[in-house]
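Student: Here it is: the structure, laid out below.
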Amino acid sequence: AYLSFSGIITFKTAEEIREAARLCPMDRLLVEPDSPYLAPVPHRGRPNQPANVALVGEAVARIKGLETAEVARATTGAALLAFPRLAS
C-alpha cells in the first residue's frame with residue numbers, strides 16, 4: 001500500500017496526518033497537489049495548482065527531518081513503482 005499526502009498536511013489542525021507521514025516508510029510515501037482543491041498553506045483558500053506539490057514535499061521533509069531533495073527522490077521513485085506507466 002502507498003500513502004499519499006496533499007496540502008492538508010500543512011493545515012494547523014492536521015497533526016494526525018503529519019503523524020501518519022512521520023510513520024510512513026519513504027518507499028511507500030507519495031505527495032500530490034490535489035488540484036484544484038486543498039491548497040497548502042500559505043495558499044489555503046485559493047485554487048490549488050500542481051506547482052504547489054513542492055510545498056507538500058517540503059512539509060514532508062520538515063516532518064521527517066530530511067532534506068527536500070531526499071523526499072523528492074524518494075517520492076518520485078515511489079510514484080514510478082506505484083504507477084509504472086509514468087516511466088514510459
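Student: What is the angle, in °, between the Cα long axis of helix 68-82 and the longest principal axis of the Cα atoms in the chain? Nearest 10 is fine, range 0 to 90.
Tutor: 60 degrees
Student: Tell me, what is the percent relative contact order of the chain, built from C-alpha pairs under 8 Å that lie six or more residues apart? It would help to have the intermediate numbers written out before the result.
Tutor: On the way: 132 pairs, mean separation 26.8, N = 88.
That works out to 30 percent.
Student: What are the extents of the Cα atoms of the chain along their three principal axes, listed from largest to smallest and rounded to whole Å?
Tutor: 35, 26, 23
Student: Separate question: Rounded to the nearest 500, what is the chain's calculated 222 nm mean residue ellipticity when only DSSP H runs of at least 4 contribute -39500 (n - 2.57) each, over all residues?
Tutor: One gets -12500 deg cm²/dmol as the mean residue ellipticity at 222 nm.
Student: Given Cβ point charges of +1 (Lys, Arg) and -1 (Asp, Glu) and nothing else, what value in debye, to the nearest 20, does the dipole of the range 33-87 about its Cα centre take?
Tutor: Roughly 100 debye, rounded to the nearest 20.
Student: Projecting each Cα onto the charge dipole of the chain (Lys/Arg +1, Asp/Glu -1 at the beta carbon, about the Cα centre), which of Pro42, Ala78, Ile8 comes out farthest on the positive side?
Tutor: Farthest towards the positive end: Pro42.
Student: Only loop residues by DSSP count here, and only those with at most 13 other Cβ atoms within 10 Å; note down the trypsin sites (Lys or Arg not before Pro) in the range 4-40 that meet that. Could the numbers behind the result be given before it?
Tutor: Details: sites: Lys12, Arg18, Arg22, Arg28; in loops: Lys12.
Answer by residue number: Lys12.
Student: Let me ask something else. Give, as a single signed number, the net charge of other residues whose beta carbon lies under 11 Å from the beta carbon of Thr10, with Lys and Arg counted +1 and Asp and Glu -1.
Tutor: Result for the local shell: +3.
Student: Answer with one residue from Ser88, Val56, Leu30: the one whose Cα lies farthest towards the positive end of the charge dipole of the chain, charges on Cβ with Lys, Arg +1 and Asp, Glu -1.
Tutor: Val56
Student: Between helix 53-64 and the chain, what is the angle of the helix's C-alpha long axis to the longest principal axis, kept within 0 to 90° and rounded to the nearest 10?
Tutor: Approximately 80 degrees, to the nearest ten.
Student: Net charge near Ser35: determine it from the other residues with C-beta under 14 Å of the C-beta of Ser35, scoring Lys and Arg +1 and Asp and Glu -1.
Tutor: 0
Student: For the chain, which whole percent of the accessible surface, found with a 1.4 angstrom probe, sits on carbon and sulfur atoms?
Tutor: Heavy-atom surface of the chain belonging to carbon and sulfur, 1.4 Å probe: 59 percent.
The values are calculated or read from the model by the stated rules, or taken from the named source; none is laboratory data. The model shown is predicted, which means the values in this text are computed figures rather than measured ones. Cβ coordinates were reconstructed from backbone atoms using ideal geometry, including for glycine residues, and neighbour counts include every protein chain displayed. Remember, those area values only see protein heavy atoms, side chains included, never the ligands or the DNA or RNA. Shrake-Rupley method; radii C 1.70, N 1.55, O 1.52, S 1.80 Å.
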